[in-house]
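The structure appears right after this line, and notes come after that.
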Amino acid sequence: MNYTHLSIIERSKLEILHQQGKSARAIARELGRHHSTISRELERHEGQETYGAQRAQESYTQRRKTSVPEGKWTPELARVIEEKLQATWSPEQITQRFRQEKQAIVCFKTIYRWLYAGLLSKGILTVLRHKGKRQKPAETRGKFTVGKSISQRPKEVRSRETFGHWELDTVVSGRGKSKGCVATFIERKTRLYKAIRMPDRTALSMEIAFGVVASEYPIGAFQTATADRGKEFACYTNLEATHSIQVYFADPYSSWQRGSNENANGLLREFFPKGTDFAQVTDEALHHALDLINHRPRKCLGWRTARESFSEELSHLP
């Protein structure tokens, strides 16, 4: 049975029995308590003429008030946590990264409690990760049926053992908006995420966007690319010839085969929700969002950031 403190009723009975001259063990039997509990209670009030239930209860209430811990919240710690939350880090990312760097920090559950208790700046709740799957509209864009299937892709690509393997996709503007969209790229091993604005969702625009991203990195940074069968990837033969890569296509209605890209697109949507007109989004705004995403510590990377992991892999290229 769990231990409970003496109540005012029990203390009143104790007072009467003690005045009758009964021993601590006899009183304990009467109250159904352990004799040491009664002994400690009487010892606390040894210096008084006689044991008084009301006085003992008031003393107990005061002790309980002073026994409450002050807690770990401080203005300085709150400022540090708020800074990372504003940088779109999750509470778990904050906790694990600080622990990895051997800095003092509270557990991520405490950060959540502080958030909901209003001990951290209001409005930060909007940057927390969304849970659950969202229903997607049926695919209506054009498709093609040629190209190498994902089943032909080397096994080491799936296991993320080697560097230089990317997933490709597009994020579009809201219905009724312009044709503007964003080509997205993510490296499977390091999770580095890139996005390039395109004027439309055509194969030519995708070919140009791919060339822009590939030109930023040395040879070897792009070995394979995995995409869906959207018409914008009809340029795959040109990509293979120009950039010396192999392009593979996921099975129809199998977005999980490009899970890294789907997840990263969800992160991008937190900055540019559905309905956004990407023709109106500036390159500066897009780069700022990508910078925040790529500088978050990631659990799958041992709490390093995608940028740190990618830079390390680049340093190993010949």
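Every read-out reported here was derived from the displayed coordinates using simple, explicitly stated rules and does not represent laboratory data. Quantities reported herein were computed from a predicted structural model and do not represent experimental measurements. Because the Cβ atoms are built from the backbone with ideal geometry, glycine has one as well, and the counts that use them run over all protein chains shown.
Quick look at the numbers
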item	result
299, 194, 148 arranged by Cβ crowding within 10 Å, fewest neighbours leading	299, 148, 194
Residues residue 109 and residue 30, FRET efficiency given R0 of 45 Å [Cβ-Cβ distance, rounded to 0.05]	0.55
Cα-based helix-to-principal-axis angle, 75-86 vs the chain, degrees rounded to 10	30
Backbone HN-Hα couplings from phi across the range 174-187 [Karplus 6.51/-1.76/1.60, Hz, Gly and Pro as x]	x, 4, x, 8, 6, 7, x, 8, 10, 8, 10, 9, 9, 7
Per-residue [θ]222 nm for the chain (sum of -39500 (n - 2.57) over DSSP H runs n ≥ 4, rounded to 500)	-12500 deg cm²/dmol
DSSP-loop GluC sites (Glu not before Pro) across the range 217-318, with at most 16 other Cβ within 10 angstrom	none
Cα-based Kirkwood hydrodynamic radius, the range 170-318, one decimal, Å	16.0
In the range 58-96, the GluC sites (Glu not before Pro) that fall in loop regions by DSSP, at most 14 other Cβ within 10 Å	70
Cα coordinate range in the range 248-318, projected on the principal axes (Å, largest first)	40, 34, 26
Helix axis angle, 53-67 relative to the chain longest principal axis, alpha carbon, degrees	30
Gain upon complete extension [residue 4, residue 65; 0.36 nm per residue less C-alpha separation]	20.3 nm
Top of 261, 294, 238 by mean-square fluctuation, Gaussian network on the chain, Cα under 10 Å	238
Antiparallel %, DSSP beta bridges [both residues in the chain], to 5	65
Cα centroid of the range 228-269 to Cα centroid of the range 36-69, whole Å	72
Dipole of the chain, positive direction: furthest Cα of 181, 314, 219, with charges on the beta-carbon	181
Neighbour-count order for 181, 235, fewest beta carbons within 10 angstrom listed first	235, 181
